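Working notes, beginning with the structure itself.
The values are calculated or read from the model by the stated rules, or taken from the named source; none is laboratory data. In this text the structure is predicted, and so the values were computed from the model without any measurement. Using ideal geometry, Cβ is built from the backbone for each residue, glycine included, and neighbour counts are taken over all protein chains shown.
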Amino acid sequence: MTSEFSAISRRSPSGLAGWAGLAPMPLFPTGLVFLVAIVLRQVVPLNTDVSWLLVVCERMLDGQHLYRDIIEINPPMAAFAYLPGVALARVLGVDPRHVIDAQLLLLAAASLFAVSRILRLSPALAGLNGGPFVIWAAAVVTILPMHVFAQREHMALLTFLPALAVYALRSNREPLPLWAILLAGVGAGITLAFKPFFTVPAALCILFAAIRSRSWLTLLAPENIITAVLVITVSVSTYIFYPEYFTVTYPLVRDTYLSWSMPLSVIFLNDATLIFSIAMVSVLLARQKHAPDSLLLVMALASIGFAVSFFLQRRGWAYHSYPMVAVALLAMGYALTGAADRGARSRRLEVVSAFMLAVTFVVGVLWFNVTVYVGPVRQAVEGLMPHPRILVLSGEAAIGHPLVRDIKGVWVSRQENLWVRAFVRLTRERTFVDAATDAKLNDYLALERQWLIEDFKKLPPDIVLVDNLRNEWGAWARADAEVSQLLKSYTFVRSVEGIDILRRNQ
């Protein structure tokens, strides 16, 4: 008996179906894209948050408990996403960053391949000129991220892509094999487990599939049920195994980090919004004479959903915008590379399209390659002693990470940085704080101070970096009797860009 998959495959032209008909033609240039991405991993500095999460995973493997011995602002998925790679790195005896880089590149390749296989199942999407788009898609998921490579948003996008393909087929009421349903359901579930904000793009795509298929039963499609079950399982497991996240971490985050917003100009008037707007307008102009197919509509809706999630986070930070920008550029590339055009395209149109894609891609690369400049701190620290234990008095995470990993040091604090004090300051500056809230914020400050002193005594640092450029941490330390007493056994070495370097007396 002929399988459903085999029957559909015979109806579809081999090679060029969908956005990634992996015919021999695009394989070589796509491979070059991945090669460039590999080279960039050796040149672009390790992301600050990724570096910290590698420290978190190393400590978890050493037996420390998340949210008790390690204070992390995000749900457990943020750490568990990196844990297998860090564990493998220990077995291999290599730096975890290299394993994580390889893991993300393999995930990108697997995600694109899975999408291509899913789209090949669709007669409605058969015969599309996918060759140039394969190269574009590969560049968007491997080169575009630059400094935000391997951030949670990068992972979340890669796991979500197969679900986009399934939503497109589901909207056409086309049959799907079990393997595609499982990939979509599990992938979307992982994406939503990273951040609840990612529910928006998934919900928009699922609702679109139900409306376009003219069946509300599509809302209960098996991939959606799998996603829901996975998200519920992760939430319940967090409550059972990490109750401190709900009793300690989340209230602290809610009352400090989530209580304030960046100015609207920072949230909305940035390169991410510019790229998103250009991409959406380009899609409309390119397809104004053609009825958009289900894949293009799903990508456009997903990008809008990720844009909503980006704006809801109210920070305007580059890595928050990556899913929005990436999916918008995928939709733009799908429209401008002629992937959906059966007929011939004019030479002029191809040149204009190539120019628009190149410009937006360059703007995106520059946007995602922004780093926090902290001066030549590494050069000043790495020669003082081998494998030093390091503590940083600052609310700026980029001072300590990836510095501690670059010089093969040991991170002393249970936190990425002293973020509670930094967020409390912002809360007081940007929101109205009544007496009860002010007292609660003081309690949080006292808790962080207690953590700092405990960490200092438990594992005395060899080097202490004091940030005097941001919020006068040196003055704060001198004004605190216990902290200043702990620092008496340290000698001032030098100051770099407002950061004092103190070395423990031998």
(request) Specify the residue that is farthest from Val404 (Cα to Cα); the eligible residues are those in the stretch 23-43 that are under 23 Å from the mean Cα position of the chain (by Cα) and free of Cβ contacts under 8 Å to residues at least 60 places away in the same chain. (result) Leu35
(request) Take the stretch 348-365 and flag every residue that is touching a helix residue (DSSP H, G or I) at 6+ places or on another chain (Cβ under 7 Å) and over 16 Å from Phe133 (Cα atoms). (result) Val363, Gly364, Val365
(message) Quick check on the stretch 238-258. Is at least one of its residues under 26 Å from the mean Cα position of the chain (by Cα) and more than 30 Å from Ile70 (Cβ to Cβ)?
(response) no
(request) Only one of these is hydroxyl-bearing (Ser, Thr, Tyr), modelled with pLDDT under 95 and assigned by TED's automatic domain parsing to the domain that holds Leu164: Ser303, Ser309, Ser282, Ser321. Name it. (result) Ser282
(message) Going by what's in this entry, would Ile232 be described as assigned by TED's automatic domain parsing to the domain that holds Ala81 and in contact with an Asp or Glu (Cβ under 8 Å, 6 or more places away or on another chain)?
(response) no
(request) Name the one entry in Val363, Val370, Val381, Val351 that is more than 16 Å from Arg287 (Cα to Cα) and loosely packed, with under 13 Cβ neighbours inside 10 Å. (result) Val351
(message) Out of everything in the stretch 44-64 that is part of a loop (DSSP other than H, G, I, E, B) and without any contact (Cβ under 8 Å) to a residue 12 or more places away in the chain, what residue ends up being nearest to Phe197 (Cα to Cα)?
(response) Gln64
(request) Could you please give the count of residues in the stretch 465-506 that are free of Cβ contacts under 8 Å to residues at least 12 places away in the same chain and out of contact with any helix residue (DSSP H, G or I) (no Cβ under 7 Å at 6 or more places or on another chain)? (result) 8
(message) So for the stretch 120-140 (the condition being more than 26 Å from Ile275 (Cβ to Cβ), free of Cβ contacts under 8 Å to residues at least 40 places away in the same chain and hydrophobic (A, V, I, L, M, F, W, C)), does at least one residue qualify?
(response) no
(message) Of the residues Ala110, Ala126, Ala156, Ala87, only one is under 14 Å from Phe34 (Cα atoms) and either modelled with pLDDT of 95 or more or surrounded by 18 or more Cβ atoms within 10 Å (Cβ to Cβ) (or both); which?
(response) Ala110
(message) For the stretch 242-258, give me each residue that is touching a residue at least 40 places away in the same chain (Cβ under 8 Å) and over 18 Å from Glu416 (Cα atoms).
(response) Tyr242, Asp255
(request) Mind telling me which of the residues Arg97, Arg59 ends up being at pLDDT 95 or above, in contact with a Lys or Arg (Cβ under 9 Å, 6 or more places away or on another chain), within 18 Å of His154 (Cα to Cα) and not acidic (Asp, Glu)? (result) Arg97
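Looking at the stretch 278-320, which of its residues are among the polar types (S, T, N, Q) and under 16 Å from the mean Cα position of the chain (by Cα)? Please lay out each step first, then the result.
Applying the first criterion (among the polar types (S, T, N, Q)) to the stretch 278-320 yields 282, 288, 294, 303, 309, 313.
Within the stretch 278-320, Ser303, Ser309, Gln313 qualify.
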(request) Look at Leu107 and say whether it is at negative phi, outside any helix (DSSP H, G or I) and either touching a helix residue (DSSP H, G or I) at 6+ places or on another chain (Cβ under 9 Å) or not assigned by TED's automatic domain parsing to the domain that holds Arg254 (or both). (result) no
(message) Take Asp293 and tell me if it is surrounded by 17 or more Cβ atoms within 10 Å (Cβ to Cβ), within 25 Å of Asn47 (Cβ to Cβ) and either of a type in the set (D, E, K, R) or at pLDDT below 95 (or both).
(response) no
(request) Working only within the stretch 345-400, note down all residues that are of a type in the set (Ser, Thr, Tyr) and modelled with pLDDT under 95. (result) Ser346, Ser353, Thr371, Tyr373
(request) Among the helices (runs of 4 or more DSSP H) lying completely within the stretch 176-255, list those that include at least 3 residues that are in contact with a His (Cβ under 8 Å, 6 or more places away or on another chain), at pLDDT 95 or above and buried (at least 19 other Cβ atoms within 10 Å of the Cβ). (result) none
(message) For a quick check of your reading of the model, give me the residue pairs whose first member lies in the stretch 78-96 and is outside any helix (DSSP H, G or I), whose second is among the aliphatic types (A, V, I, L, M), with beta-carbon atoms closer than 6 Å and at least 6 apart or on different chains.
(response) Ala81/Met155; Tyr82/Leu53
(request) Looking only at the stretch 141-153, count how many residues are of a type in the set (A, V, I, L, M), crowded, with 24+ Cβ neighbours inside 10 Å and in a helix (DSSP H, G or I). (result) 2
